[in-house]
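Data first, discussion second: the structure below is written as structure tokens.
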Amino acid sequence: MTTEGAGPAGPPLFDIARVLPELVPLTRRTTALRPKRGAPTPYESSLGGPLLWPGDTPWPVCDRPDHHDWVESPSPGAVPMVPVLQLFARDVPQLPFPEGTDVLQLLWCALLHPDEPSGAVRPVLHWRTESALVPLVPSGIPGDVPRPAEGEYEPDFLPVACTLAPVECVDYPNRDLPEEFVPRVLRAEEEFGFFLTEFGVLESKAGGYPAWTQPPDWPYCAAGHRMEHLLSVTGDEESRMDMGDAGGVYLFVCTECPGLPYASRYDCH
Ligand SMILES: [Zn+2]
Ligand SMILES: [Zn+2]
């Protein structure tokens, strides 16, 4: 874990906090996940890598009858879900974990689901405790855990295994910039020749603002609370996920309701 002052791409060209001090209260800490193609073990944080999986829990499958790929091939029926993210609390220090847990796992069905609010993949989250996990055979080794066969998934959403090199960053609102700040930001962008988006973290990350490519679409839980951004998973060359057209899947949780209900959104260019 390393720390950067601002933005995902190294030191900023200038001190945006001096140019737009009114944005400072809007900044959030985030952890850019920085996937790098590799061979992660189940004992480390990864994207598309093997998971520490409880040995007495069957591998999840998705049996939605109408899920399909982009070209709408006939539904393949029940297919195994695929590991997308495994995050150990030590690698994402600003992400709140439910008491007693220290591992967050994200899996999804790598097909498109017309009945999902996101309209895309069907994600599931598991909060787990590392010390209590009985390592299952690593899912990254073919044959140990069921993997969808070709035709049973949409390649756009099937990540190639990557290790992570998390970097803690300051995140600025991009599409979540409140309306009243827009004129001032536009003036500053013109005067100083920068774009606020250069300071937002628009890659896979934990916490901070969603890495939207389209206007924000924050979900609300069943009790009416606006949910909090948990994770953004965006397409990139390392994981070979295009997710439509440079798209992203965004996970949200409600920390006010018991059981941490979650929801997802999807967008692309
Ligand atoms: Zn499915
Ligand atoms: Zn709630």
Hits in the range 105-127 - residues which are surrounded by 22 or more Cβ atoms within 10 Å (Cβ to Cβ), in contact (Cβ under 8 Å) with a residue 60 or more places away in the chain and over 13 Å from residue 154 (Cβ atoms):
106, 123
Of the residues in the range 228-246 that are open to solvent by less than 10 Å² (accessible area, probe 1.4 Å) and touching a strand residue (DSSP E or B) at 6+ places or on another chain (Cβ under 6 Å), the one that is nearest to ligand 2 (Cβ to nearest atom) is 230
Among the numbered criteria (1) at pLDDT 95 or above; (2) of a type outside the set (Asp, Glu); (3) within 16 Å of ligand 2 (Cβ to nearest atom), which single criterion is violated by residue 33?
(3)
Between a first residue in the range 173-196 that is surrounded by 10 or more Cβ atoms within 10 Å (Cβ to Cβ) and a second residue that is hydroxyl-bearing (Ser, Thr, Tyr) and part of a helix (DSSP H, G or I), which pairs have beta carbons less than 8 Å apart while being 6 or more apart in sequence or on different chains?
174/197
Is there any pair linking a residue in the range 8-26 that is surrounded by fewer than 11 Cβ atoms within 10 Å (Cβ to Cβ) to one that is modelled with pLDDT under 90, with Cβ under 8 Å and at least six apart or on different chains, and which?
10/4; 11/4; 11/5
So, in the range 28-50, of the ones that are open to solvent by less than 10 Å² (accessible area, probe 1.4 Å) and part of a strand (DSSP E or B), which residue ends up nearest to residue 91 (Cα to Cα)?
31
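Collect the residues in the range 200-212 that are open to solvent by less than 40 Å² (accessible area, probe 1.4 Å) and more than 13 Å from residue 176 (Cβ to Cβ), keeping them in residue-number order. Spell out the reasoning first.
Keep residues of the range 200-212 that are open to solvent by less than 40 Å² (accessible area, probe 1.4 Å), which gives 200-201, 204-212.
Selection gives 204, 205, 206, 207.
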I'd like the full set of residues that are surrounded by 13 or more Cβ atoms within 10 Å (Cβ to Cβ) and part of a loop (DSSP other than H, G, I, E, B), limited to the range 68-79.
69, 75, 76, 78
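Being assigned to a strand (DSSP E or B) and open to solvent by 30 Å² or more (accessible area, probe 1.4 Å) is the filter here; which residues of the range 51-67 pass it? Outline the logic, then answer.
In the first step, residues of the range 51-67 are kept if they are assigned to a strand (DSSP E or B); the result is 61-62.
Result: 61, single match.
Working only within the range 80-128, note down all residues that are within 16 Å of ligand 1 (Cβ to nearest atom) and not in a strand (DSSP E or B).
81, 110, 111, 113, 114, 115, 116, 117, 118, 119, 120, 121
The values are calculated or read from the model by the stated rules, or taken from the named source; none is laboratory data. Predicted model only: the values in this text are computed from it and were never measured. As a convention, Cβ positions derive from the backbone with ideal geometry for all residues, glycine included, and neighbour counts pool all protein chains shown. Heads up: the accessible areas ignore ligands, DNA and RNA and are worked out on the full protein's heavy atoms, side chains in. Shrake-Rupley method; radii C 1.70, N 1.55, O 1.52, S 1.80 Å.
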